1. Listed highest first by mean packing, meaning other Cβ atoms within 10 Å per residue, what order do 288-297, 264-273 come in?
2. So, R0 is 25 Å and r is the distance between the beta-carbons of Thr140 and Arg61; what FRET efficiency does that work out to, to 0.05?
3. What residues have an amide H closer than 5 Å to that of Leu104, excluding those fewer than 5 places away on the same chain, when H is modeled at 1.01 Å from N in the peptide plane?
4. What do you get for GluC sites (Glu not before Pro) in segment 30-124 restricted to DSSP loop and a cutoff of at most 15 other Cβ within 10 Å of the site's Cβ?
5. Which loop trypsin sites (Lys or Arg not before Pro) in segment 94-162, with loop taken from DSSP, have no more than 13 other Cβ atoms within 10 angstrom of their Cβ?
6. Please name which of Phe85, Val245, Ser148 has its Cα lying farthest along the dipole of the chain towards the positive end, using unit charges on Cβ (Lys, Arg +1; Asp, Glu -1) and the Cα centre as origin.
7. With all protein chains present, how much of the accessible area of the chain (probe radius 1.4 Å) comes from carbon and sulfur, to the nearest whole percent?
8. Test of understanding: in a Gaussian network model of the chain with alpha carbons linked when under 10 Å, which of Val225, Val128, Val37 would top the mean-square fluctuation ranking?
Amino acid sequence: MNLKKNLTIFFILMSLTMAGAYAAGVVIEAANQQINVDQNKGFFSGDVKVTVGDVVVKSPRAELDLEPKSKKPSLAVFFDNPYAFQNKDNKKHEIKANIMKVSLINKTLRAEGNTQSIMMKDRQPLIVINSDSQEYNTVTKLMKADGSVIVHYQDVETFSDSASAIIDKGGEIQNLKLMGNVVMKEKSNVLKGNKFEYIPQRQEYQMSGNTSTDVTFEDGSRLYVKARFQQYNKNTNNIIAGGNVNIKFKDYTAVGPKAQVFIDPVTQKPNKVVFTGRSKITQNSSTVEADIITMTMNPKEFKASGNVKTSISGSDGNDDMEIMP
C-alpha cells in the first residue's frame, strides 16, 4: 500500500525546484536580439539562453513581453522545442516541451505540447512525467498536468486525463488529485477509478466512480474489490468500499452495499472482510445471505448474523430429496 505515498514525491520535488526561481533577475543571451520598447516586445533567435535565478531555459527562438509601464520583462515564450533545467547539489530537474512560457508577473511556468519532466538524483532518473501540458504556480502552490498524463516513479506508473497538487510553503503535499480514467499500477497491483484523491494529513486516499482494486500477493492469490467508492486509511490499515461492492478472494465471491477490508500490518494481506447491509457470500456452489457477514482468511471461515439464509448444494449435483414414499 505504498503506491499513494510514492506519487506525492513527484509534486514535492517539482515545487522545490521552482520555489525561489522568480526572486532573481533575468539574463538573456542569444545570437540575435531585437527589443522594441514602444511595442513592449523583444525577439531573440540563435542559441537563446535565459537565466532566471538558477533556472536555465534554452531554445532556438524566444519572444519577450515587457510590462507597458515599468518596461520590465513580464512573459517569456520559448519556441521550437525548448529545454529548461535546474541544478541543485546532486539533483537536476529538466523540462522539455514544444512551447514553454515563463510568466514573471503571475509567477508561473507553463509547458505545452509533448511535455516531459524528469527529476534526477546523482544523474539517475527518479521521476518522469509526460503530458500534453504542465504548469506550476509559485503563488498558489498549485501544480497541474493535463492531457494524457503518465507518471513513472520506481515501480509506480499512473495514467490519467489530468493531475493536480497543492503544495505548502514547506514543500509538503496538502492535496493530490488524479482525474479522469485513472489507472495506477505497482508491479502486479492495479487500481482504477474516475477520480483519485490523496490527503496526507489523514494518511488517506479516496477513489470514486467505477473503482476497482486488483492486488496479487506473493503466493499468487488475488484480491479483487469493485465498488462505486473506495477509501484506504494507512493509520487504520483498512479499505472501506461502498456502492454495489463486489469482492473476490480465492474461492470466495461476496456482494453487498458496503464492506470493510482489514489489512494485516505485517503481511500487508487482507485478514478480514466485514459486510454490512444485506449481503451474500458464495463459496463454490454454496451461498449465505445475511445482514452482517464477517469473512476471515486465516483461519478460513465466515460468520453471518441477521436474517441468515444458507443454501448448500449437494456434492453430486442432485439436490432432490423425498421424505415421503
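1. Working: 288-297: 19.4, 264-273: 15.1.
Order by mean packing, descending: 288-297, 264-273.
2. On the way: r = 30 Å, r/R0 = 1.19.
With a Förster radius of 25 Å, E is 0.25.
3. Leu75, Ala76
4. Within segment 30-124, no GluC sites (Glu not before Pro) qualify (loop, at most 15 other Cβ atoms within 10 Å).
5. Values: sites: Lys96, Lys101, Lys107, Arg110, Lys121, Arg123, Lys141, Lys144; in loops: Lys107, Arg123, Lys141.
Loop-located and lightly packed - Arg123.
6. It is Phe85.
7. Details: 8290 of 16890 Å².
Result for the chain: 49 percent of the exposed heavy-atom area is carbon or sulfur.
8. So, out of Val225, Val128, Val37, the one fluctuating most is Val37.
The values are calculated or read from the model by the stated rules, or taken from the named source; none is laboratory data. Computed from a predicted model, the values in this text were never measured in an experiment. Ideal geometry is used to build each Cβ from the backbone, glycine not excepted, and the neighbour counts take in all protein chains shown. When the accessible area is computed, the model is the full protein with side chains, heavy atoms only, and any ligands, DNA or RNA have been set aside. Shrake-Rupley method; radii C 1.70, N 1.55, O 1.52, S 1.80 Å.
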